[in-house]
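I have placed the structure first, in the form of structure tokens, so that the comments after it can refer back to it.
The values are calculated or read from the model by the stated rules, or taken from the named source; none is laboratory data. In this text the structure is predicted, and so the values were computed from the model without any measurement. Just so you know, the surface numbers come from the protein's heavy atoms only, side chains and all, with ligands and any DNA or RNA stripped out. Shrake-Rupley method; radii C 1.70, N 1.55, O 1.52, S 1.80 Å.
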Amino acid sequence: DLKAASSAGSPAQVAIKILDKRCFSDAAAERVRREVVLHHIVSEHPNIVTMRRAFEDDMFVYIVMDYCPGGDLFSRIADDKMFFRNDDMTKSVFLKIVDAVMYCHQTRVYHRDLKPENILVSKDGSEVYVSDFGLCTSGLVSTTWGCGSGPYMSPGMLSALLSISVSAGN
């Protein structure tokens, strides 16, 4: 199955996300089901990491995806300074991310945790792949508060969460 997906008959390199089902609440199990279904829908886009398959056993859920040897975009920006003074590469990568997000939205898949850590890159950094659809939804409107990563939330969302937690502490 995976060999057929690789080029020139060489073995495919994949990454496997392994989730422990034993600690799943009903809500967590539903999020994983949604992640698998919606990630599969958008996998054909060239700038979204391809999900090859998903399966489970009694203890774990396995999500098999293409391996991205360059790591994540955050590391390439912060640690490697790959995009520093490289306007052409920055523009190219940015447009690929926008194209992938537009494709997701056209197929009614909304990521809800888009950040540099959830964008994987090729070894040379020229190709990018949106990944980690664990918080995605297909609903056009979401009433879920606090979805996403704190450092990347809008100021309005963050201040609302902080006021809720302060008032809950009183």
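The accessible surface of region 37-143, taken with every protein chain in place and a 1.4 Å probe, is 56 percent carbon and sulfur.
Cross-link pairs exceeding 19 Å in C-alpha to C-alpha distance, out of Lys17/Lys91; Lys81/Lys115; Lys21/Lys115; Lys91/Lys115, comprise Lys17/Lys91; Lys21/Lys115. Proximity of backbone amide H atoms, modeled 1.01 Å from N, is registered between Val14 and Tyr67 at under 5 Å, excluding neighbours fewer than 5 places apart on the same chain. In percent, rounded to a whole number, the relative contact order of region 6-111 is 29, using alpha-carbon pairs under 8 Å and six or more apart.
Heavy-atom accessible surface of region 1-143, averaged per residue, reaches 60 Å², computed with a 1.4 Å probe.
Couplings for region 117-124, taken from phi via the Karplus curve 6.51 cos²θ - 1.76 cosθ + 1.60 with θ = phi - 60°, read 5, 9, 10, 8, 10, 6, 4, 8 Hz in order; Gly and Pro are left as x.
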